[in-house]
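The values are calculated or read from the model by the stated rules, or taken from the named source; none is laboratory data. These figures come from a predicted structure and were not determined experimentally. So basically every Cβ, Gly included, is an ideal-geometry build from the backbone, and we count neighbours across all protein chains shown.
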Amino acid sequence: MKLYYSPGACSLADHIALHEAGLKFDHEKVDLKAKTTESGGDFTEINPKGYVPALEVADGVVLTENIAILGWIADQKASLAPAGDMGRYWLLEMLAFISTEIHKSFKPFFSGAGDDEKAKAKAAIEKRFGQIADMMEGDYLFGEQVSVADAYLFVMLLWAGKTGVGVPDDLAAFHERMMARDAVHTAMKHEGLN
Ligand SMILES: N[C@@H](CCC(=O)N[C@@H](CS)C(=O)NCC(=O)O)C(=O)O
C-alpha cells in the first residue's frame, strides 16, 4: 500500500488516519506543480486528476478522494468510525461536510484570490467551524474515540492557523488533543511539519 501525499496538504488527514489504523504503508511525495512523484514518475499516471491524496491499496488499484480514502481506512479499523447501524452514514455525513463546506472553502487562500474573496471565505469557514464545534460529542467529533473525520478536521485547523481563519475555543482544544496523538506526531514528522 502506498500513499501519495504533499506535505501539509489534505493528504495529511489520510496519512494520520493510516497510522491511527495501524496499517503498514509506503509513502511517496508528490510535486503538485510539476505533477511528478519523488521517484521521478508522472503523477498523472497514478491519479489523472493530478491531485493528492491517492492511495494505492493493492497493485494497480488506486483510490482517490479524501471521502473515499478515509472511508476505506475506517473500514480497516472499526473504531475509526462511529458504532451502530448508522455509524457508516454519520461518518460519510461528517466527511462530506468537512470536504465540501470547509476544505473547498479554503480555495481562495491557495489560489492567489483577492482580499475580498479571502474575507468571504474566512467568514464562511468560521461559520462552519462554529457548526462543527457544536456537533462535537466529546473529546472527538463522535465522542471519546478518534475517527478518520477527526484527522480531516485537524488538517483544516492547521490550515486555519496558517491563513488567519478564526477557530472557536473548543476546536483549539481539540487541535491540542490531536497534536498529542502518536499518529499525528508520526505523520507530521514524516512530512517535515514538526
Ligand atoms: N476532491 C479532492 C481534492 C483534493 C485536493 O484538493 N488536493 C489538493 C491538496 S489539498 C491538491 O492536490 N491540489 C493540487 C492540484 O489540484 O493541482 C479530494 O477531496 O480528495
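Yes or no, residue by residue, for (1) more than 14 Å from the ligand (Cβ to nearest atom); (2) of a type in the set (Val, Ile, Thr); (3) in contact (Cβ under 8 Å) with a residue 60 or more places away in the chain; (4) under 14 Å from residue 155 (Cβ atoms):
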| site | (1), (2), (3), (4) |
| --- | --- |
| 4 | no, no, no, no |
| 7 | no, no, yes, yes |
| 14 | no, no, yes, yes |
| 22 | yes, no, no, no |
| 25 | yes, no, no, no |
| 38 | yes, no, no, no |
Taking into account only those residues within the stretch 70-108 that are among the polar types (S, T, N, Q) and within 16 Å of the ligand (Cβ to nearest atom), which is farthest from residue 151 (Cα to Cα)?
105
Do you know which of the residues in the stretch 146-167 that are over 16 Å from the mean Cα position of the chain (by Cα) and surrounded by fewer than 16 Cβ atoms within 10 Å (Cβ to Cβ) is nearest to residue 103 (Cα to Cα)?
163
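Look at residue 184 and say whether it is of a type in the set (A, V, I, L, M, F, W, C), in a loop (DSSP other than H, G, I, E, B) and touching a residue at least 12 places away in the same chain (Cβ under 8 Å).
no
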Checked against (1) within 13 Å of the ligand (Cβ to nearest atom); (2) modelled with pLDDT of 95 or more, residue 111 satisfies every condition except (2)
Failed item in (1) more than 9 Å from the ligand (Cβ to nearest atom); (2) over 20 Å from residue 184 (Cα atoms); (3) assigned to a loop (DSSP other than H, G, I, E, B); (4) at pLDDT 95 or above, with residue 33 passing the rest
(1)
First in the stretch 75-87 and closer than 21 Å to residue 19 by Cβ and of a type in the set (D, E, K, R), second anywhere and at pLDDT below 95 and part of a helix (DSSP H, G or I), Cβ under 7 Å, 6 or more apart
none
Could you tell me whether any residue of the stretch 57-64 is buried (at least 18 other Cβ atoms within 10 Å of the Cβ) and out of contact with any strand residue (DSSP E or B) (no Cβ under 9 Å at 6 or more places or on another chain)?
no
Filter result for residue 4 (of a type in the set (Ser, Thr, Tyr) and either at pLDDT below 95 or part of a strand (DSSP E or B) (or both))
yes
